[in-house]
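The values are calculated or read from the model by the stated rules, or taken from the named source; none is laboratory data. Owing to the predicted nature of the structure, the values given are computational and were not obtained by experimental measurement. Note: ideal-geometry Cβ built from the backbone for every residue, glycine included; neighbour counts use all protein chains shown.
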Amino acid sequence: MIDIHTHILPGLDDGADSMTTALAMARAAAAEGITDIIATPHHENGSYRNPASDIQLAIWNFQSELRTEGIPITLHAGQEIRVNDDLLGAWDRRELLTLAGSSYMLIEMPGHEMPAKMREVVRGLADLGIRPVIAHPERNRSIREHPRLLSELVFLGAIAQVTTHSLLGDFGDRIKKTAWSLCRAGLIHIVSSDAHHVERRAFSLSQAYQAISDELGPGWTEYYQNNAASLLANETMQTNPTIVKESNLIDKITRMFRH
Ligand SMILES: [Fe+2]
């Protein structure tokens with residue numbers, strides 16, 4: 001399995017706080033069947049600043065520790081970038097990383113409002129040939145109250161990542177309900193752990209895929225896993241044939257959230 005959003009690099013943000021913790025997380029991931037991890041430290045979220053060069057150095061160090069310890073995980077560099085007015089300027093200054101060197105970039109909204117410039121940022125990235133991946137939209141209050149906002153971003157070229165812990169109910173019922181509704185509406189393209197810790201917020205990726213197979217059918221697990229592989233290979237993601245046609249999508253979402 002491939003995990004595209006994690007906070008496993010030691011000492012860079014509120015994820016792994018030491019090399020020992022990071023190695024414990026990597027062992028747990030490998031035991032679950034995860035083979036590839038994209039490390040995505042927070043960047044510009046008000047608490048942490050991790051420009052591209054710092055992350056690349058940390059990846060190199062941690063990958064050599066993994067090799068020394070014999071842990072069969074391939075690491076890839078990434079970043080979880082808080083949407084801000086200077087995002088496109090930071091890209092020009094080479095401070096930002098895409099996911100594993102692909103044309104996909106992980107961006108994060110604050111927990112409450114959708115940033116005023118969100119559409120502008122999505123369009124601006126798309127114009128540069130970068131596909132924004134919106135981290136855990138189910139955890140944003142505006143999206144929970146107005147899921148149509150996410151469908152608009154998807155129509156502008158964004159894709160969306162749901163967090164395993166949201167699907168499994170670890171953030172409460174409201175976020176869980178939104179997470180599953182967004183999946184059913186076809187607005188989620190990829191599943192990831194957003195792992196921060198070996199116990200409190202671990203990976204739970206195999207558990208989430210099992211829940212998806214049970215709840216939505218194994219075709220959906222295959223769809224999400226294929227999309228993660230496509231992202232890592234920098235290929236275009238496939239459309240799930242079971243997902244409603246785009247022309248019906250907004251109506252369907254509105255109905256789903258009304259009931
Ligand atoms: Fe994250």
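All conditions in (1) in contact with a Leu (Cβ under 9 Å, 6 or more places away or on another chain); (2) of a type in the set (V, I, T); (3) farther than 22 Å from D14 by Cβ hold for I107, with the sole exception of (3).
Listed conditions (1) more than 16 Å from the ligand (Cβ to nearest atom); (2) within 21 Å of P132 (Cα to Cα); (3) of a type in the set (A, V, I, L, M, F, W, C) are all met by L23, apart from (2). Tallying residues that are surrounded by 16 or more Cβ atoms within 10 Å (Cβ to Cβ) and either more than 16 Å from the ligand (Cβ to nearest atom) or free of Cβ contacts under 8 Å to residues at least 60 places away in the same chain (or both) within the stretch 208-241 yields 15.
Within the stretch 26-47, the set of residues being without any contact (Cβ under 8 Å) to a residue 60 or more places away in the chain, within 16 Å of the ligand (Cβ to nearest atom) and crowded, with 21+ Cβ neighbours inside 10 Å comprises I37, A39, P41, H43, E44.
Considering the stretch 64-83, the residues that are out of contact with any helix residue (DSSP H, G or I) (no Cβ under 7 Å at 6 or more places or on another chain) and surrounded by 18 or more Cβ atoms within 10 Å (Cβ to Cβ) include one that is farthest from H197 (Cα to Cα), namely R82.
Number of residues in the stretch 182-203 that are more than 14 Å from the ligand (Cβ to nearest atom) and either under 14 Å from H136 (Cβ atoms) or at pLDDT 95 or above (or both) equals 5. Taking the criterion of being away from the ligand (no atom under 16 Å from the Cβ), on the phi < 0 side of the Ramachandran plot and outside any helix (DSSP H, G or I), the residues of the stretch 126-156 that qualify are L128, I130, R131, H146, P147, L156.
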